[in-house]
Amino acid sequence: MAFRKFLPMFDRVLVERLAAETMSKGGIMLPEKAQGKVLQATVVAVGPGSTNQKGKLTPMSVKVGETVLLPEYGGTKVDLEDKACLELFDFIVIRCMISDHLK
C-alpha cells in the first residue's frame, strides 16, 4: 500500500476525501455538477509533529482513521495509487468528527 510508504513530514496530514453523494434524500440521481465539493475526509497518514521554539515536539491533533472537516480551499493534491489525496498542515484541518472521539 502506497500510504504506508508516504509519510508526511513535520506537522502535515494526508487525507482522502469522502465520495460525493450521488443520490438526493428523495431518491433523485444527482449529476456531477450538482453534487458539490465534499469537505469531509478520512486521515490516511500523519507526520510526527512540529517542534516549538524550545525544541520540544508538539503532537499532532488528528490520528490515522479519523474523519475530519476540511476548508474549501487549500492543501496540496497528491496522487497515490490512482487515489486523489490532499496534504494539509495540521492546523488547517477544521475539526474532527465527534463520533470518532466517542469510539
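Of note:
- For the pair Thr58 and Glu81 in one chain, pulling the backbone fully straight at 0.36 nm per residue adds 5.2 nm over the alpha carbon distance.
- Radius 9 Å from Cβ of Glu87, net charge of other residues (Lys, Arg +1; Asp, Glu -1): +2
- Modelled spin-label separation between Val38 and Leu7, with each label point placed 7 Å from Cα along the Cα-to-Cβ direction: 2.8 nm.
- Based on Cα contacts under 8 Å between residues 6+ apart, the stretch 40-95 shows a relative contact order of 32 percent.
Where a number appears in this text, it was derived from the coordinates with a stated rule and is not lab data. Note that this is a predicted model, so its numbers are computed, not measured. Neighbour counts run over all protein chains shown; Cβ positions are idealised from the backbone, glycine included.
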